[in-house]
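The values are calculated or read from the model by the stated rules, or taken from the named source; none is laboratory data. Note that this is a predicted model, so its numbers are computed, not measured. Counting neighbours? That spans all protein chains shown, and the Cβs are built from the backbone with ideal geometry, glycine included.
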Amino acid sequence: MGLLRRIHQKMRLLQQRTGFKITFTVLFLVLLGSYFLPATIESYRIDGLEQSIRELLSGSNRELGEGPAVEFAEEGSVTINGVTYADPRLVSIADSFFNESGDMVAAAEAAVFLVASEMPDWIPTFLLEQPRLTLGVWIVASLWLALVVWSGMTWSFLLSLALMFLTSLPFWIGSLFFGRLDSPPNVGVILAICGMGFLGVTFALLTNVALFLLSAPIPFVAVAQELVREAVRQRISVAFIVLLVILLPLIPLWIDQGEQLRYQLQAYLSRSISITYVLLACMTLVLGCASVAFEIRDRQIWQVMTKPVSRLSYLVGKWVGLVMINAVGITTASLAIFISVEYMKTRPAMDAQDELAVRNEVLTARAGITPVYPIIGPTRLRELVMQKIDDESVLREQVQSGQRTELEIQAELAGEIVKEFRLDQRKIAPGEGKIVRFEGLQRTRELGGEAKLQYLFHCGASSTHEVHPLIFRFPMDGSWIDIQYVPTVGASLRIPSQMIDEDGVLEIELLNAGFDEASEQFFPAGWSVNWDADKLEVLYEVSGFEGNFLRAMLVDWFKLSFLGVLAVVTASFLSFPVACLFSFAIFIGGSIAPFLGVSLDQYSPTNILEEGISWVAYMVHVLLYRFGAVKPSQMLVEGRLISWSEVMLEFVWLMVIWAGISMFFGFIAFRKKELAIYSGQG
């Protein structure tokens, strides 16, 4: 044991020498280059081949009876320069790549399937598919290793590698003697062990980087640096980080691989991002409240206040320290989640349709638009209001008797008429039809992609045990599709870009009818159909998963930063238990505020107590709605776009307005707090 301790001490001293750092930096970079250089070359080759196949298939038509579209539809293959690229699974879903006229509308997706057989096994699929990502990973890995060496963590890194190897060694040996090494359980466990080691080293490395960035001789920066050191020392903060480091690599093992791949990825995204956010939020609130409240209680703050540190600098420094800790935590977790997603998407899909859904519905960023409905003009609205007043004798009597003014009645009737008119736009009687119009789809038409119509209808008693007919007709070419929908159950329909006109407008006629194939006759449906304002929309791809994931993590970081300032300012004038209780109440209230808004629309108070509950819920909804308005995990699971405008809006509200207001009132209370009272005891 003494020998090991001496070796450890010598290695710790040796890794601080410049020659050692230069040697290991060059060694690590050479090792990385020997892998990533051929991987990058291979990635660009695959990307060029994919582009060639895409160009070959784009614009082809299988109805013409010849060319690449026919070969693709009949054999699931294409031939370029005498070389055939094939995927037999494509034959079963070939129809989904063509529209009603036989034009190829999903050439990009088809090319991805066809180049899969050309991908070597020694390079992860996600690197081969995206050359720029390959270069990015190469650069990030190089910087990561360089930081490890030059921050004096080389020996710790090598020890972590040894520990990971020894821990995973039983699974390697067990695989060699009792099973296959590449079987999912063995691979998953080994990767989980390596992931824990990687996250531990990454967190320690980023913490050192944060301490270096907070080394400036400025009062609030010094306070922030001390809080970061305190977070590393305190057991409760370390406990949250250890939980995060352990849980994130283990989540893929808890997901049933018998499910469709799209559901596996959605489950992982939901669980991993939610666990990361909740753990870091709890750590932020507990650490922020404890750091300030305990320093005041134990009179440690006296040592700070005797230095040239103002009370505002003290509060701001504590907050900045929490912001940096959260930046380290969420960056570490983001790396783990992103790598896990890229690994999990290489798992075998149920079928080609499942693999297609992963690319087009989960690992993407789609924006949604609802129909543009007609509106009532002011003149027509005024005519309808006056006509209703003339038809209702009771209203005229109320005006004549002075019970109500004519202006009040007109305002009430105008609101009712507008509401009824809007509801009528989303309702279709049996046998009738209505055209819905979607605007702003120029990008989808230009790129030649496809849109997706997502719908959820209500009909009759809206029983989920019934099915009802409906027909979607496209005025662009007169084609139509008849469906059977289940009330209150969402479904979707793929829309090729050819259905969008040059102005980016998509028109769809909804016919509340069905088609009898036996008699080849249309028949009216039995009930009227209607839908909510946000339950009929067109989704279209805007960007990729990587950028959307980055924006999601930024939104969560802004939320955690606001919780940090909330914890600091409440603990500056409240005791630790009360500050925690208040901060957690705001956190929970803000998280459920959007749900409260929906619930209040359906809530009808019947007594004074229920009125009070309704009023409290309404105030929570109004004041804290912005905190829970954007739900990154849910939006990533649904493949919905988190735009930069939403990110900036969250930044302004949470990091500027709310954080600024909280800091202002906290400073006012903290400035008036007497810190130097001493009882003579203790």
Give the residue that is farthest from residue 568 (Cα to Cα), with candidates limited to residues of the stretch 584-616 that are at pLDDT 80 or above, buried (at least 19 other Cβ atoms within 10 Å of the Cβ) and of a type in the set (A, V, I, L, M). 593
Residues located in the stretch 596-647, provided they are within 18 Å of the chain's Cα centre (by Cα) and of a type in the set (D, E, K, R): 626, 631, 638, 640, 646
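Could you say which residue among 466, 439 is out of contact with any His (no Cβ under 8 Å at 6 or more places or on another chain) and touching a residue at least 40 places away in the same chain (Cβ under 8 Å)?
Numbers: 466 fails: touching a residue at least 40 places away in the same chain (Cβ under 8 Å).
Criteria check complete, one pass: 439.
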Given (1) closer than 24 Å to residue 366 by Cα; (2) modelled with pLDDT of 90 or more, identify the lone condition not met by residue 511. (1)
Would you call residue 651 under 29 Å from residue 294 (Cβ atoms), among the aromatic types (Phe, Trp, Tyr) and in contact (Cβ under 8 Å) with a residue 12 or more places away in the chain? no
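Under the condition of being touching a Phe, Trp or Tyr at 6+ places or on another chain (Cβ under 6 Å) and under 15 Å from residue 356 (Cβ atoms), which residue from the stretch 105-152 is surrounded by the fewest Cβ atoms within 10 Å (Cβ to Cβ)? Spell out how you get there, then give the answer.
Filtering the stretch 105-152 down to residues touching a Phe, Trp or Tyr at 6+ places or on another chain (Cβ under 6 Å) leaves 106, 110, 114, 131, 138, 145, 148-149.
After this cut, where a residue has to be under 15 Å from residue 356 (Cβ atoms) as well, the list is 106, 110, 114.
Values: 106: 22, 110: 29, 114: 25.
Selected residue: 106.
Before we move on, is residue 309 closer than 24 Å to residue 226 by Cα and in a helix (DSSP H, G or I)?
Details: closer than 24 Å to residue 226 by Cα: yes; in a helix (DSSP H, G or I): no.
Against the criterion (closer than 24 Å to residue 226 by Cα and in a helix (DSSP H, G or I)), residue 309 does not qualify.
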Show the residue pairs meeting these rules: Cβ distance below 9 Å; 6+ apart or different chains; first residue within the stretch 630-641 and farther than 15 Å from residue 272 by Cβ; second residue modelled with pLDDT of 90 or more and charged (D, E, K, R). 630/559; 630/646; 630/650; 641/551
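Given the criteria of a type in the set (A, V, I, L, M, F, W, C), at pLDDT 90 or above, in a helix (DSSP H, G or I) and over 25 Å from residue 161 (Cα atoms), does residue 210 qualify?
On the way: of a type in the set (A, V, I, L, M, F, W, C): yes; at pLDDT 90 or above: yes; in a helix (DSSP H, G or I): yes; over 25 Å from residue 161 (Cα atoms): no.
In short, no.
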I'd like the full set of residues that are closer than 30 Å to residue 59 by Cα, surrounded by fewer than 18 Cβ atoms within 10 Å (Cβ to Cβ), in contact with an Asp or Glu (Cβ under 8 Å, 6 or more places away or on another chain) and modelled with pLDDT under 85, limited to the stretch 448-495. 476, 477, 479, 494
Can you pull out the residues in the stretch 113-157 that are polar (S, T, N, Q) and either over 28 Å from residue 21 (Cα atoms) or free of Cβ contacts under 8 Å to residues at least 40 places away in the same chain (or both)? 117, 125, 130
Assess whether residue 46 counts as being part of a loop (DSSP other than H, G, I, E, B), within 29 Å of the chain's Cα centre (by Cα) and not hydroxyl-bearing (Ser, Thr, Tyr). no
Checking residue 273 against (1) in contact (Cβ under 8 Å) with a residue 60 or more places away in the chain; (2) of a type outside the set (Asp, Glu); (3) farther than 29 Å from residue 321 by Cβ; (4) assigned to a helix (DSSP H, G or I), which single condition isn't satisfied? (3)
Provide a single number: the residues in the stretch 437-447 that are over 23 Å from the mean Cα position of the chain (by Cα), surrounded by 14 or more Cβ atoms within 10 Å (Cβ to Cβ) and part of a helix (DSSP H, G or I). 2
Could you count how many residues in the stretch 473-505 are over 29 Å from the mean Cα position of the chain (by Cα) and of a type in the set (Gly, Ala, Ser)? 2
Suppose we filter 368, 431 for residues that are within 25 Å of the chain's Cα centre (by Cα), surrounded by fewer than 18 Cβ atoms within 10 Å (Cβ to Cβ) and among the small types (Gly, Ala, Ser); which single one remains? 368
For residue 285, are the conditions met, namely being over 23 Å from residue 206 (Cα atoms), part of a helix (DSSP H, G or I) and modelled with pLDDT of 85 or more? no
Matching residues in the stretch 471-511 (of a type outside the set (D, E, K, R), under 27 Å from residue 444 (Cβ atoms) and not in a strand (DSSP E or B)) number 12
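Sort out which residues of the stretch 70-88 are of a type in the set (A, V, I, L, M, F, W, C) and within 18 Å of residue 352 (Cα to Cα), and write them in order of number. Can you show your working first?
First, the residues of the stretch 70-88 that are of a type in the set (A, V, I, L, M, F, W, C): 70, 72-73, 78, 80, 83, 86.
72, 73, 78, 86, listed by residue number.
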Mind checking which pairs have a first residue in the stretch 482-504 that is closer than 22 Å to residue 103 by Cβ and a second that is among the small types (Gly, Ala, Ser) and in a strand (DSSP E or B), Cβ under 7 Å, 6 or more apart or different chains? 482/514; 495/451
When you look at residue 663, is it assigned by TED's automatic domain parsing to the domain that holds residue 322, of a type in the set (A, V, I, L, M), buried (at least 16 other Cβ atoms within 10 Å of the Cβ) and farther than 22 Å from residue 273 by Cβ, yes or no? yes
Among the residues of the stretch 72-125, write down those that are within 32 Å of the chain's Cα centre (by Cα) and assigned to a loop (DSSP other than H, G, I, E, B). 87, 99, 105, 106, 115, 119, 120, 121, 122, 123, 124
Quickly run through the stretch 241-267 and pick out the residues that are touching a residue at least 24 places away in the same chain (Cβ under 8 Å) and closer than 21 Å to residue 560 by Cβ. 241, 243, 244, 245, 246, 247, 248, 251
Taking residue 450 as the residue in question, decide whether it is under 30 Å from residue 103 (Cβ atoms), in the same structural domain as residue 526 (by TED's automatic domain parsing) and without any contact (Cβ under 8 Å) to a residue 24 or more places away in the chain. no
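Restricting the search to the stretch 217-238, which residues are in contact with a helix residue (DSSP H, G or I) (Cβ under 9 Å, 6 or more places away or on another chain) and modelled with pLDDT under 85? So that I can check it myself, show each step before the final result.
First, pick out the residues of the stretch 217-238 that are in contact with a helix residue (DSSP H, G or I) (Cβ under 9 Å, 6 or more places away or on another chain): 218-232, 234, 236-238.
Scanning the stretch 217-238 gives 234, 236, 237, 238.
Within the stretch 56-63, can one find any residue that is closer than 16 Å to residue 134 by Cβ and either of a type in the set (A, V, I, L, M) or surrounded by 17 or more Cβ atoms within 10 Å (Cβ to Cβ) (or both)? It would help to see each step written out before you state the result.
Just the residues of the stretch 56-63 that are closer than 16 Å to residue 134 by Cβ, to begin with: none.
No, that holds for no residue.
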Just to be sure I understand, how many residues within the stretch 384-428 are surrounded by 14 or more Cβ atoms within 10 Å (Cβ to Cβ) and among the aliphatic types (A, V, I, L, M)? 11
Among the listed residues 581, 624, which satisfies the condition of being part of a helix (DSSP H, G or I), farther than 20 Å from residue 654 by Cβ and not aromatic (Phe, Trp, Tyr)? 581
Pairs, please: C-beta under 6 Å, at least 6 apart or cross-chain, first residue under 11 Å from residue 388 (Cβ atoms) and in the stretch 408-423, second among the charged types (D, E, K, R) and part of a helix (DSSP H, G or I)? 413/388
